[in-house]
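In what follows, a single structure is set out as structure tokens and then discussed.
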Amino acid sequence: MNYWCEQALIGGVVHQGVRLEVSDGRFGDVTIGSPPNDATRLRGLTLPPFTNSHSHAFHRVLRGRAFQDSFWSWRREMYETAARLDPDSYYRLARAVYAEMALAGIGTVGEFHYLHHQPSGMPYQEPNAMGEALIAAAGDVGIRMTLLDTCYLHGGLGRDPEGVQVRFADASPAAWVERVAGLEATDLVKVGAALHSVRALELGEMETVAAWSEGNRSPLHAHVSEQSAENEECVAFYGASPIEVIARTGAVTERFTAIHFTQVTASDIEILQEEHGMVCLCPTTERDLADGIGPARRLVDHGVELSLGTDSHAVIDMFEEMRAAEMDERLASGRREQLSPVGLVAAATSGGGRSLGWGQSGLVAGAAADFVTVTLDGVHTAGIDDSVRALVFAARPGDVTDVVVAGRPVVVGGTLPSIPDPAGDLAHEISLLTD
Ligand SMILES: [Zn+2]
């Protein structure tokens with residue numbers, strides 16, 4: 001299969017007239033300035049698909065519903081949804097959520113998965129039934145997934161899990177290791193690890209997960225400093241900030257990604273800088289939950305690589321995540337142009353790819369044949385000369401026309417052939433979970 005791109009973003013530079021040869025799921029020759037002979041034409045800008053580095057699929061249920069005054073009261077509603085899911089309903093819900101992602105140009109999702117067990121806290125007969133439901137859902141849609149199996153053992157610092165938290169908790173670090181060993185990678189699935197937070201794991205338990213990640217050379221993610229209350233509790237308990245505590249366990253390496261990293265100090269940033277760890281910002285969730293503004297510019301100035309995630313799915317819109325990272329910096333600093341548009345696209349694509357453990361990416365020979373095409377002549381983007389600026393400052397998910405993953409068309413002409421009615425599916429599944 002051959003494609004001809006009107007414009008293509010390669011190595012941060014927009015080229016005109018690029019021919020992509022695709023065979024066996026990988027790019028063959030990539031020819032710049034070629035004529036459109038015998039190839040499927042892609043109008044607009046073609047680039048690697050977005051990588052959504054931080055997702056909790058079931059949080060989609062809460063979009064537009066949870067109106068309480070704080071993160072902590074939002075969390076109570078999230079727990080009510082978590083209590084109602086089973087492997088079948090989670091599969092159907094997640095399939096619709098991943099369909100929404102694919103239509104928004106997302107080709108890879110990092111699912112930070114902690115809803116493991118039965119409502120009683122007992123494992124399902126198939127201990128990974130919930131994780132397998134997520135893997136099957138992504139597979140049906142046709143996108144890549146890194147399942148970040150999340151170790152969660154405590155309901156707070158020094159506290160046992162209670163209520164719905166028993167569904168999240170494995171019996172011990174060893175039980176987590178044993179369960180995760182049952183998850184298998186495929187061409188489109190990678191298995192990684194996550195520390196839920198410093199609230200949910202003690203030091204020695206974090207060490208076990210860090211060692212597993214090291215032994216498997218897998219990505220390792222953790223929620224870090226999303227909320228100031230979380231920092232205060234951690235400092236009171238450990239006399240150290242969350243990232244200082246996590247770093248003591250050996251978890252912070254070049255395969256580590258700190259999720260949110262919103263309420264942080266200069267020395268917190270230096271820890272990631274020294275260990276080459278990454279940060280995943282989730283600006284639309286952070287603003288929805290009134291978390292604060294992540295220090296995107298300071299992180300870039302320190303050479304910390306960024307990725308982006310839609311997290312709670314207040315919206316699923318990687319254009320908006322890119323835009324928000326920049327706009328929030330403008331509001332906080334009183335200065336414009338804090339982050340480069342090409343750098344924001346890198347965060348939404350290759351930064352996420354590194355964070356989730358997917359090697360070489362980009363429209364280059366030998367790389368996985370993954371790409372998204374965004375139209376540039378719709379009402380949102382018409383008249384903008386700079387294609388990358390059009391993407392970052394004006395485009396919306398509805399401007400995505402095509403998504404190809406591993407050489408297979410996932411979105412064609414703005415529709416998803418594998419899932420005919422994702423909106424109907426979302427409405428139906430959410431109504432069942434909220435009646
Ligand atoms: Zn999260």
Just to be sure, is T81 of a type in the set (S, T, Y), surrounded by 16 or more Cβ atoms within 10 Å (Cβ to Cβ) and closer than 22 Å to D421 by Cα? no
Of the conditions (1) free of Cβ contacts under 8 Å to residues at least 60 places away in the same chain; (2) crowded, with 24+ Cβ neighbours inside 10 Å, D88 satisfies every one except a single condition; which number is it? (2)
Would you please list the contacts, defined by Cβ atoms under 6 Å and residues six or more apart or on different chains, that run from a residue in segment 273-287 that is farther than 16 Å from H56 by Cβ to a residue that is within 15 Å of the ligand (Cβ to nearest atom) and among the polar types (S, T, N, Q)? M278/T257; M278/S355
How many residues, within segment 48-81, are away from the ligand (no atom under 16 Å from the Cβ) and under 21 Å from A138 (Cα atoms)? 3
I need a count of the residues in segment 153-182 that are free of Cβ contacts under 8 Å to residues at least 60 places away in the same chain, exposed (fewer than 14 other Cβ atoms within 10 Å of the Cβ) and closer than 21 Å to F58 by Cα. 1
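Every number here is computed from the coordinates shown, using simple stated rules; none is lab data. Being a predicted model, the structure only gives us computed values, none of them experimental. Please note: Cβ atoms are built from the backbone with ideal geometry, for glycine as well, and neighbour counts cover all protein chains shown.
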